[in-house]
Amino acid sequence: MKEWQPLISVIIPIYNAEPYLAQCIESVISQTYHKLEIILVDDGSTDESPAICDAYAAADPRIKVIHKENGGLVQARKTGVRQAVGEYITYVDADDWIDLDTYETILEKAAGRQTDMILYGLVEEYEDSRVVKQNAFAEGYYEEGALKDIIRPQMLCNGVFFHFGLLPNLVCKLVRRELLGEVQPLVSDEIEMGEDADCTFQMLAQAKSVQIIRYTPYHYRKRQDSMVRRATGFSRVSRLYTDLRKAFVKSTEWEVLMPQLYCYMLFILLLKATEKFTKYEPFKGCFDKKKIVLYGAGGFGQELYQVLTEKGIGEVVLWADQRYRIYREWGLSVAAPQEITACAYDMVFIAVLDTQVCERIAESLTAQGVSREKISYIEPTEPYLEMVRFILETERTD
């Protein structure tokens, strides 16, 4: 590693992150690898974040602070990239933190290969638990032939709905500055969900080489307030599709990329624009004129509950989730799963967008006495994918 010590630009976009910001910055400035450029992009914060940034910059010459009007995460990232001079660029979100030997270990594992992208894992940090997330491919160095034959056919969707082949998160990547500088400006400022995937998979469609490392030094704080549904306009979802579609159709491998994109967009549309499906079969027919137990109160469960109740499609007789106590604290009328057996219902619909998790829940419900024939959940069958293609191609924003 002593022979190869690239300057790494660490960009930290910041918006009202006062409670977490010191921990984040300390984890970066205290790295055992010192050749860092640290760019703090204050995106119009209204709390004490700007003052915290300025204080750290005064104490460490590696830190550069940019104060700007609020424009959102994507715009803040673009601002940081324009100022970066490092050979490699990475991001850290202002409410997260990294292990102190993160960059030293990554460069050691890269073994001097000056690849376009270095990909590693992260740990989702919940208040009461933690979940390790890794890329689905074997650790190693992948050049053009292997990228074409192994990585790209499953990078966006690895065959299980919905599991990424490669983690979309930009925060667990080191990217050559020239590649990120070319792609990050192409990501729409309007996107509020999928902005990481937009940039990551555009870069992977162009990359000549990647290094995958089985290493999880990044700690991604999963805050309770992120569990509550937030509305996202369809135009913002449409921009995500448009960005990735433009990149994929230019690729010689578009035939393997586009089916993955439709599968991914099924996931995104169900999560953020469920109402778009209500006029089409088989979605409407799944629920119409039925007494429904809705199992799952995460993002998709909250979106589906609102759509079913507002549109009058079927009757939700019970809304259940294992974490019902937490959701009740947020004002949602969620019950314990044990209450299901006391209900009269036609179906139990599992509102979870991970078919492996759905199967585990189904097994638990059948052990509880629920008939397997009455349990349902969404899978990426051709009728659903055809709906996605129709919705996006007739309503997308260019």
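The values are calculated or read from the model by the stated rules, or taken from the named source; none is laboratory data. Owing to the predicted nature of the structure, the values given are computational and were not obtained by experimental measurement. Glycine also receives a Cβ, built like all others from the backbone with ideal geometry; neighbour counts cover every protein chain displayed. Only protein heavy atoms, including side chains, enter the accessible area calculation; ligands, DNA and RNA are left aside. Shrake-Rupley method; radii C 1.70, N 1.55, O 1.52, S 1.80 Å.
Calculate, for the chain, the solvent-accessible area per residue in square angstrom, rolling a 1.4 angstrom probe over the heavy atoms of the protein chains. Could you put the intermediate results ahead of the total?
Numbers: 16950 Å² over 398 residues.
The answer is 43 Å² per residue.
When averaged across all projection directions, what area in nm² does the alpha-carbon convex hull of the range 4-88 cover?
Details: hull surface 21.0 nm².
Average projection, Cα convex hull of the range 4-88: 5.3 nm².
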Each residue of the range 193-202 in order: what ³J(HN,Hα) in whole Hz does its phi give by Karplus 6.51 cos²θ - 1.76 cosθ + 1.60, θ = phi - 60°, with x for Gly and Pro? 9, x, 5, 5, 4, 3, 6, 4, 7, 5
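Beyond 12 Å, what share of the Cα-Cα pairs of the range 345-398 is found? Please give it as a whole percent. Kindly include the intermediate steps, with their values, before the conclusion.
Working: 996 of 1431 pairs.
So the portion of pairs separated by more than 12 Å is 70 percent.
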At q = 0.11, 0.14, 0.15, 0.17 Å⁻¹, what log₁₀ I(q)/I(0) does the range 107-258 have when each alpha carbon counts as one equal point scatterer in the Debye sum? -0.44, -0.73, -0.84, -1.07
Using the Cα centre of the chain as origin and beta-carbon charges of +1 (Lys, Arg) and -1 (Asp, Glu), tell me which of 114, 74, 319 is placed farthest towards the positive end of the dipole. 319
The whole-number value in µm²/s of the Stokes-Einstein translational diffusion coefficient for the chain, with Rh from the Kirkwood sum over alpha carbon pairs at 37 °C and 0.692 mPa s, is 146 µm²/s
Stokes-Einstein D for the range 280-322 (37 °C, 0.692 mPa s, Kirkwood Rh from Cα pairs), in µm²/s, comes to 315 µm²/s
Accessible area of the chain with a 1.4 Å probe: how many percent of it is carbon plus sulfur? 47 percent
Residue-span extension gain [residue 144 to residue 46] - 0.36 nm each, minus C-alpha spacing: 30.7 nm
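If the range 280-383 were replaced by its equivalent ellipsoid, with semi-axes equal to the square roots of 5 times the Cα gyration tensor eigenvalues, what would those be, largest first, whole Å? Mind dumping the intermediate values first?
On the way: eigenvalues 70, 55, 40 Å².
Result for the range 280-383: semi-axes of 19, 17, 14 Å.
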Ordering of 134-140, 165-171, 23-29 by packing [mean C-beta count within 10 Å, highest first]: 165-171, 23-29, 134-140
Students often forget the sequence filter, so: which lysines lie under 27 Å Cα-Cα from residue 284 once same-chain residues fewer than 8 apart are removed? 272, 276, 311, 374
Which log10 I(q)/I(0) values, to two decimals, does the range 194-298 give at q = 0.24 Å⁻¹ under the Debye formula with one point per Cα? -1.33
